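The values are calculated or read from the model by the stated rules, or taken from the named source; none is laboratory data. Nothing here was measured: the structure is a model prediction, and the numbers come from that model. Quick reminder, even Gly has a Cβ in these numbers, built from the backbone with ideal geometry, and neighbours come from all protein chains shown.
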Amino acid sequence: MLCAGTDTKPAGDVIRAACCAVRCRTRCRGTTVSGVDVLDDYTGHVDPGGSATRRTLDGLTVSKLSVGPMDNNAYLLTCRSTGEALLIDAANEAERLMDLVGHGADRPELRTIVTTHRHGDHWQALGAVAGATGAETIAHPVDAPGLPLPPDQLVEHGATVTVGNCLLEVIHLRGHTPGSIALLYRDGDRPHLFTGDALFPGGPGKTTSPEDFESLVGDLESRVFDQLPDETWFYPGHGDDSTLGEQRPHLQEWRQRGW
């Protein structure tokens, strides 16, 4: 219910309020990759047109950047042992995304671009970034016809995608679009879940019918909340991050609120 899809931005006030506890106004300087500052004080919040933030996990780093007029989040995952990288949603501003990857000899090798769903605000830079890097493109087959170029690889629920030595599990979450997918990375005791527009702090993504709403909430319950612990950190397609533990008490409230 919180993301309108292709023509309006998500209910930013709701998302911001839900995540105010994790905001941090004092930023620590990290590095500058071409024209993009990358800060190493990851909180889950980034500003449109502002710096990227990066967190370091056991197996990979996660860099988050807000791009485009709808405050879309793009996530660059880089395997720490191989230097291979995967981009989740080449949403907009291809030049800034390429700056995030970097241009120097020590830059990561962007091997894969995953598009979480077919809404246009999530793929405006897909052709440009894929063309510039030769990266393989991935999406769910149901949403693939709505993308600007045919994916190189189609993935279903339960499939896996690799970034270097790290494994990401595909979770199909039907409702915001028929082919929306999330990516799950298991890092020790804390899983990390990239949800696209299927889940935000404050509720599920926007749906356009009661049937789609029931489908999405059902998938979120059975495939996400029933399977993963409260410590799971999730990264949405717009706005701030959260954890499943922060959102779990509101599941029944979401159902009662409806679509």
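Can we say Ala74 is within 30 Å of Lys206 (Cβ to Cβ), buried (at least 19 other Cβ atoms within 10 Å of the Cβ) and either in contact with a Lys or Arg (Cβ under 9 Å, 6 or more places away or on another chain) or among the basic types (Lys, Arg) (or both)?
yes
A quick yes/no check of all residues on (1) surrounded by fewer than 20 Cβ atoms within 10 Å (Cβ to Cβ); (2) in contact (Cβ under 8 Å) with a residue 12 or more places away in the chain; (3) farther than 15 Å from Leu173 by Cα:
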site: Ser209; (1), (2), (3): yes, yes, yes
site: Leu216; (1), (2), (3): no, yes, no
site: Ser222; (1), (2), (3): yes, no, no
site: Pro229; (1), (2), (3): yes, yes, yes
site: Thr232; (1), (2), (3): no, yes, yes
site: Asp241; (1), (2), (3): no, yes, yes
site: Leu244; (1), (2), (3): no, yes, yes
site: Arg257; (1), (2), (3): yes, yes, yes
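Among the residues of the stretch 155-177, is there at least one that is closer than 22 Å to Met70 by Cβ, buried (at least 19 other Cβ atoms within 10 Å of the Cβ), β-branched (Val, Ile, Thr) and out of contact with any helix residue (DSSP H, G or I) (no Cβ under 6 Å at 6 or more places or on another chain)?
Taking every residue of the stretch 155-177 in turn, at least one turns out to be closer than 22 Å to Met70 by Cβ, buried (at least 19 other Cβ atoms within 10 Å of the Cβ), β-branched (Val, Ile, Thr) and out of contact with any helix residue (DSSP H, G or I) (no Cβ under 6 Å at 6 or more places or on another chain).
Condition check: touching a residue at least 24 places away in the same chain (Cβ under 8 Å) and not aliphatic (A, V, I, L, M). Does Gly188 satisfy that?
yes
Does the stretch 177-188 contain at least one residue that is among the acidic types (Asp, Glu), at pLDDT 95 or above and touching a Gly at 6+ places or on another chain (Cβ under 8 Å)?
Let us first name the residues in the stretch 177-188 that are among the acidic types (Asp, Glu), namely 187.
If we keep only those that are at pLDDT 95 or above as well, we get none.
Within the stretch 177-188, none of the residues are among the acidic types (Asp, Glu), at pLDDT 95 or above and touching a Gly at 6+ places or on another chain (Cβ under 8 Å).
Are there strands (runs of 3 or more DSSP E) fully within the stretch 148-259 with at least 3 residues that are within 19 Å of Tyr42 (Cβ to Cβ)? List them.
The qualifying strands (runs of 3 or more DSSP E) are 181-187, 190-196, 233-236.
Of these, Thr82, Thr56, Thr61, which one is surrounded by fewer than 19 Cβ atoms within 10 Å (Cβ to Cβ), touching a Leu at 6+ places or on another chain (Cβ under 9 Å) and more than 16 Å from Gln124 (Cβ to Cβ)?
Thr61
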